[in-house]
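Reviewing the structure listed below.
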Amino acid sequence: NAGVTQTPKFQVLKTGQSMTLQCAQDMNHEYMSWYRQDPGMGLRLIHYSVGAGITDQGEVPNGYNVSRSTTEDFPLRLLSAAPSQTSVYFCASSYTATSGRDTQYFGPGTRLTVL
Amino acid sequence: AQTVTQSQPEMSVQEAETVTLSCTYDTSENNYYLFWYKQPPSRQMILVIRQEAYKQQNATENRFSVNFQKAAKSFSLKISDSQLGDTAMYFCAFCHSGTYKYIFGTGTRLKVLA
């Protein structure tokens, strides 16, 4: 198993540009989520999904869109990038949506810089 | 709102010694899970240990153990026989049963000294 994969590893955008961060898992996990990590702030939940076709907002959803058309993929879209979205983004997944009971596996992260 | 507080931004410990990282949390719920995650310089997040709130017994995983004080809402991590490979950021996290929303603390940077 490749586990949780994220692409790209690094990205530089200009203010106003849009892009999609890709996340995929090959473990047949129901639950997938996106976090952002900022210095001194820990990880904050952006959006999550408990199965194909089901998504919901986390703590900091503004400026981001998600969709879950397949079990494997959970892309994160930045609609109009802003410097405040400069961060490291992590995707995570777990086997079931029974919160806490299953281990969350994290991807390697994407470092995004918005100029 | 639920919060997780890690009051020690940085700590250091000599190799082979024991260190304890602190974490407190705030919730009015009774059923939840608590976690410690390790993030080494590679940036990969790795689950170290998990505690279910309804279990009174403290969780242990090899050299890692927790001191879970439910009434005090405290969840500290003890690392015994510290190794150089334990050098990392450590995050305490919390999740209510059935909510799927994980709340992370701001992290403690641990450095193990040779």
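Please treat every number below as a calculation from the coordinates, not as lab data. Since the model is a prediction, treat every value here as computed from it, not as a measurement. We place every Cβ from the backbone using ideal geometry, glycine too, and count neighbours over all the protein chains shown.
Backbone phi angles across region B:68-77, fed through the Karplus curve with coefficients 6.51, -1.76 and 1.60 (θ = phi - 60°), yield HN-Hα couplings of 9, 10, 5, 5, 8, 6, 10, 8, 9, 10 Hz in residue order; Gly and Pro are listed as x. Remark: mean inter-chain Cβ contacts per residue of A:36-45 equal 5, using a 10 Å Cβ-Cβ cutoff to other protein chain atoms. Remark: relative contact order (region A:19-115) = 31 percent; criterion is Cα-Cα distance under 8 angstrom and separation of 6 or more residues.
Taking amide H as placed 1.01 Å from N in the peptide plane, the amide H of B:ILE49 sits under 5 Å from that of B:TRP36, each at least 5 places away or on another chain.
Going by how many other Cβ atoms sit within 10 Å of their own, how do B:PHE94, B:PHE64, B:PHE75 line up, fewest first?
Working: B:PHE94 25, B:PHE64 17, B:PHE75 28.
The order, fewest Cβ neighbours first, is B:PHE64, B:PHE94, B:PHE75.
Spacing of the modelled spin labels on A:TYR95 and A:MET41, each 7 Å from Cα toward Cβ, amounts to 3.3 nm. By the Cβ distance rule of under 4.7 Å, chain B has these cysteines without a partner: B:CYS95. Suppose every Lys and Arg Cβ carries +1 and every Asp and Glu Cβ carries -1, with no other charges. What dipole size does region B:1-97 come out with about its Cα centre, to the nearest 20 debye? Taking the Cα centre of region B:1-97 as origin, the dipole is about 220 debye.
Fewest neighbouring Cβ atoms within 10 Å first, the residues B:THR106, A:THR7 line up as A:THR7, B:THR106.
Treat every Asp and Glu Cβ in the protein assembly as shown as -1 and every Lys and Arg Cβ as +1, leave all other atoms uncharged, and give the resulting dipole magnitude about the Cα centre to the nearest 20 debye. Mind showing how you got there, number by number?
Numbers: 19 positive and 17 negative charges, 71 e Å.
In total the dipole reaches around 340 debye.
Restrict the search to region A:1-80; then list the trypsin sites (Lys or Arg not before Pro) that DSSP places in a loop and that have at most 16 other Cβ atoms within 10 Å of their Cβ. Kindly include the intermediate steps, with their values, before the conclusion.
On the way: sites: A:LYS9, A:LYS14, A:ARG36, A:ARG44, A:ARG68, A:ARG77; in loops: A:LYS9, A:LYS14, A:ARG68.
Those that pass, being in a loop and sparsely packed, are A:LYS9, A:LYS14.
Region B:19-89 and region A:1-53 have Cα centres lying 24 Å from one another.
A dipole drawn for region B:2-109 from +1 and -1 charges on Cβ atoms has a positive end, and of B:PHE64, B:THR99, B:SER74 the residue lying farthest that way is B:THR99.
With all pairs of different C-alpha atoms in the average, the Kirkwood value for the hydrodynamic radius of chain B is 14.2 Å.
Exposure proxy ranking for A:THR86, A:THR70, based on other Cβ atoms within 10 angstrom of each Cβ and starting from the fewest, stands as A:THR70, A:THR86. Overall, region A:46-115 carries a charge dipole of about 120 debye about its Cα centre when +1 sits on the Cβ of Lys and Arg and -1 on the Cβ of Asp and Glu, all other atoms neutral.
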